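Below is one structure, written out as structure tokens; the observations come after it.
Only the coordinates and a few stated rules stand behind these numbers; no lab work does. What you see is a predicted model; the values in this text were computed from it and never measured. Reconstructed Cβ throughout: ideal geometry from the backbone, glycine too, with neighbour counts over all protein chains shown.
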Amino acid sequence: MKLAVGVDLGGSTIRAALIAPDGQVVRSERLVLTGREPEAVVARVLELVRRLDPAAPSMPLAMGVAAQLWVRTGVVAVGPNLGWFDVPLGAMLAEAFGHPVRLVNDLDAITVGEARRGAGRGERDVLCLFVGTGVGLGAVVQGLLIEGADGLATELGHTKIESPTTGRPCGCGERGCLEAYTSGRHLPERLVEIHGSGFASSLLAAAGGDLGKVNALTIEQAALAGDPAAVALWNDIGEKLGIAAANTVTLFNPRVLVLGGGVLTMAPSLVQRVTSVMKAYTARPALSKVEVRGTELGDQAGLVGAGLIAHEP
Ligand SMILES: [Zn+2]
């Protein structure tokens, strides 16, 4: 059986898997990133792929990266989790592996995995909207992954919802992005903002002022208990994400919208808010055909998708 390698490069871990042509995970490995220098990361990727199988480095390989990528030239334009800007990762990997390596945005890899082998199996039009450390969207439309001219398409997290000069600063270096108001990385600051605007919160007191203890899970628990600040924050984020999801559904007319990522996984009541706002704001004809689903492949979706992309000729 012909195998390919899928790699998922996150902000703190690298995962790699041998993937069969039908998307089955044959074997997988992971390691924790110790340094974030590009040279060191490439060496660790090679080490991890060798661990899968001594022959794996010569197999077709695709790697999902949480970054805005110039896919055609293999350059990481903006990778906030790794602190990378304009890193020629594709060329570095090609040199290390001795053959071209395909780079793909992490949400694009996840979407290919879910569309072909997961929650969207059997459908040709599938969107994945994930909210975790960042906010990402991937779109498979008429069976094809939408990458755009340079691989930068569907960057929903970096669409602007406020002024690019006075809006909240985003990890991408710009201001006013959807992600800066709704992603996991910004939750503690957003809670402080909501609190400062007059909403009481037992959550901040419970965290002893340590904002490092505030995350999607603690906010979800507080919101369910009726904490005013947590409820106000979830309503605000639910509305922003719901409108973004609605406009995306109106633009792409998908059959399936998959909602996932660390924040949404930990916060079912936020998923409900996003879904109900999405339904209220989507153009009626497109809404009548879309179904909202959770992920089916979970944290394996990106590995499966990258492996399936590596199998493509
Ligand atoms: Zn941004």
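Assuming a ≥ b ≥ c are the square roots of the Cα gyration tensor eigenvalues, decide whether the range 1-135 counts as rounded (a/c under 1.5), prolate (otherwise, with a/b larger than b/c) or oblate.
In terms of gyration-tensor shape, oblate.
Put +1 on the Cβ of each Lys and Arg and -1 on the Cβ of each Asp and Glu in the chain; which of 265, 232, 118 then has its Cα farthest toward the positive end of the dipole?
118
Which whole number in µm²/s is D for the range 145-302 by Stokes-Einstein, with the Kirkwood Rh taken over Cα pairs at 4 °C and 1.567 mPa s?
D, rounded to a whole number, is 78 µm²/s.
So how do 150, 106 line up by other beta-carbon neighbours within 10 Å, fewest first? Each step should come with its number before you reach the end.
On the way: 150 14, 106 26.
In order of increasing Cβ crowding within 10 Å: 150, 106.
For a quick check, take a GNM of the chain with Cα springs below 10 Å and name the residue from 270, 251, 137 with the largest mean-square fluctuation.
Its mean-square fluctuation being the largest, the pick is 251.
Nearest 5 is fine: what % of DSSP beta bridges in the chain come out antiparallel, could you say? Can you show the working numbers first?
Numbers: 29 of 46 bridges.
Within the chain, antiparallel bridges account for around 65 percent of the total.
Among 171, 35, 134, which one shows the biggest mean-square fluctuation in a GNM of the chain, springs joining Cα atoms closer than 10 Å?
35
At 222 nm, what value in deg cm²/dmol follows for the chain if DSSP H runs of at least 4 each add -39500 (n - 2.57) and the sum is divided by all its residues, to the nearest 500?
Working: 12 runs with 124 residues, N = 313.
Helix contribution divided over all residues of the chain: -12000 deg cm²/dmol.
With the Cα gyration tensor of the chain in hand, give its eigenvalues times 5 under a square root as the equivalent ellipsoid semi-axes, listed largest first in whole angstrom.
Semi-axis lengths for the chain are 33, 23, 17 Å.
Return the subset of 160/289; 160/213; 160/279 for which the Cα-Cα distance in this structure is over 23 Å, preserving the input order. Could you put the intermediate results ahead of the total?
Numbers: 160/289 27 Å; 160/213 28 Å; 160/279 21 Å.
In this structure, 160/289; 160/213 lie more than 23 Å apart at Cα.
Using alpha-carbon positions, what is the distance between the centroids of the range 271-296 and the range 49-121, in Å?
A separation of 30 Å, based on Cα centres.
Using +1 on the beta carbon of Lys and Arg, -1 on that of Asp and Glu, and nothing else charged, what's the dipole of the chain about the Cα centre, debye to 20?
It works out to roughly 540 debye.
Positive end of the dipole of the range 178-262, charges at C-beta (+1 Lys, Arg; -1 Asp, Glu), about the Cα centre: which of 188, 243, 206 has its Cα farthest in that direction?
The Cα lying farthest towards the positive end belongs to 243.
Calculate, in nm to one decimal, what residue 269 and residue 152 gain on full extension: separation in residues at 0.36 nm each, minus their alpha carbon distance.
39.0 nm is the gain from fully extending residue 269 to residue 152.
Over the chain, what is the relative contact order in percent, taking alpha-carbon pairs closer than 8 angstrom and at least six residues apart?
Worked out over the chain, it gives 21 percent.
Antiparallel DSSP bridges in the range 1-83: what percent, to the nearest 5?
75 percent
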